[in-house]
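Contents: one structure, followed by commentary.
The values are calculated or read from the model by the stated rules, or taken from the named source; none is laboratory data. For clarity, every value in this text was computed on a predicted model and none was experimentally measured. Every residue, glycine among them, receives a Cβ derived from its backbone with ideal geometry; neighbour counts consider all protein chains shown.
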Amino acid sequence: MKVTVGTAFCFLLSLAAAPASAHHAFAVEFDAKACADVTGVLTRFNYDNPHAYIFLDVKNGGGQVEEATFQLSSTSNLRRGGATPAVLNANVGKEVVVRGCASRNGEKNRYAASFIKLADGTVQRLGQDVEGIFGTKIWR
């Protein structure tokens, strides 16, 4: 019986310590030197953890519409900063400007978002200010 209880304990302990998906640093996935303002129509958002996402329809160089995906911070950080589901939902279908840093793996139209300028001119923080530009130029 002692062997069975000990074995069960070790098994449960190993399950608890198993892949608790390690969180990654910003720089692993995104390039802080490849950030830009992206203008488009907010089409939808996913307000999930560990990261929320917003999706914009943007025009490429040929004038064709493509979808751009922006990874945001956690929902708790977004709520604290005022970027609630209600705020985002009120801007679906409207033109917005998002500051995003491009994906390192070369995936087209995938970014980490820092800020969003909503249709009414309000600026909301969506992620890390890796460039240190909050409060400058457009981002006020």
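What's the number of the only condition in (1) modelled with pLDDT of 95 or more; (2) of a type outside the set (Val, Ile, Thr); (3) not in a loop (DSSP other than H, G, I, E, B) that residue 76 fails to meet?
Going through (1) modelled with pLDDT of 95 or more; (2) of a type outside the set (Val, Ile, Thr); (3) not in a loop (DSSP other than H, G, I, E, B) one by one, residue 76 breaks only (1).
Against the condition small (Gly, Ala, Ser), out of contact with any His (no Cβ under 7 Å at 6 or more places or on another chain) and closer than 15 Å to residue 68 by Cβ, how does residue 127 come out, does it pass?
Answer is yes for this residue.
Test residue 127 against the criterion of being in a loop (DSSP other than H, G, I, E, B) and exposed (fewer than 13 other Cβ atoms within 10 Å of the Cβ), and give yes or no.
No, not satisfied.
Regarding region 72-86, can at least one residue be identified that is free of Cβ contacts under 8 Å to residues at least 24 places away in the same chain and over 20 Å from residue 50 (Cβ atoms)?
Checked region 72-86: at least one residue is free of Cβ contacts under 8 Å to residues at least 24 places away in the same chain and over 20 Å from residue 50 (Cβ atoms).
Only one of 106, 81, 132 is more than 19 Å from residue 36 (Cβ to Cβ), surrounded by fewer than 19 Cβ atoms within 10 Å (Cβ to Cβ) and either at pLDDT below 90 or aromatic (Phe, Trp, Tyr) (or both). Can you tell me which?
81
Would it be correct to say that residue 64 is farther than 24 Å from residue 133 by Cβ and either under 13 Å from the mean Cα position of the chain (by Cα) or at pLDDT 95 or above (or both)? Walk me through it before giving the result.
Values: farther than 24 Å from residue 133 by Cβ: yes; either under 13 Å from the mean Cα position of the chain (by Cα) or at pLDDT 95 or above (or both): yes.
In short, yes.
Name the single residue, out of those in region 33-63 being assigned to a strand (DSSP E or B) and of a type in the set (Asp, Glu), that is surrounded by the most Cβ atoms within 10 Å (Cβ to Cβ).
So, considering only residues that are assigned to a strand (DSSP E or B) and of a type in the set (Asp, Glu), the one surrounded by the most Cβ atoms within 10 Å (Cβ to Cβ) is 57.
List every residue pair whose Cβ atoms sit under 8 Å apart, with the two residues 6 or more apart in sequence or on different chains, where the first one lies in region 91-113 and is outside any strand (DSSP E or B) and the second, anywhere, is among the acidic types (Asp, Glu) and modelled with pLDDT of 95 or more.
That search, which allows pairs on different chains as well, returns 108/66; 109/66; 109/67.
For region 53-96, enumerate the residues that are under 14 Å from residue 116 (Cβ atoms), of a type in the set (A, V, I, L, M) and in contact with a strand residue (DSSP E or B) (Cβ under 6 Å, 6 or more places away or on another chain).
If the condition is that a residue be under 14 Å from residue 116 (Cβ atoms), of a type in the set (A, V, I, L, M) and in contact with a strand residue (DSSP E or B) (Cβ under 6 Å, 6 or more places away or on another chain), then 54, 56, 58, 68, 72, 83, 88, 92, 96 are the ones that fit.
Between a residue in region 37-57 that is without any contact (Cβ under 8 Å) to a residue 24 or more places away in the chain and any residue that is part of a strand (DSSP E or B) and charged (D, E, K, R), which pairs come within a Cβ distance under 9 Å, given they are 6 or more apart or on different chains?
If the second residue must be part of a strand (DSSP E or B) and charged (D, E, K, R), the pairs left are 53/44; 55/44; 55/67; 57/66; 57/67.
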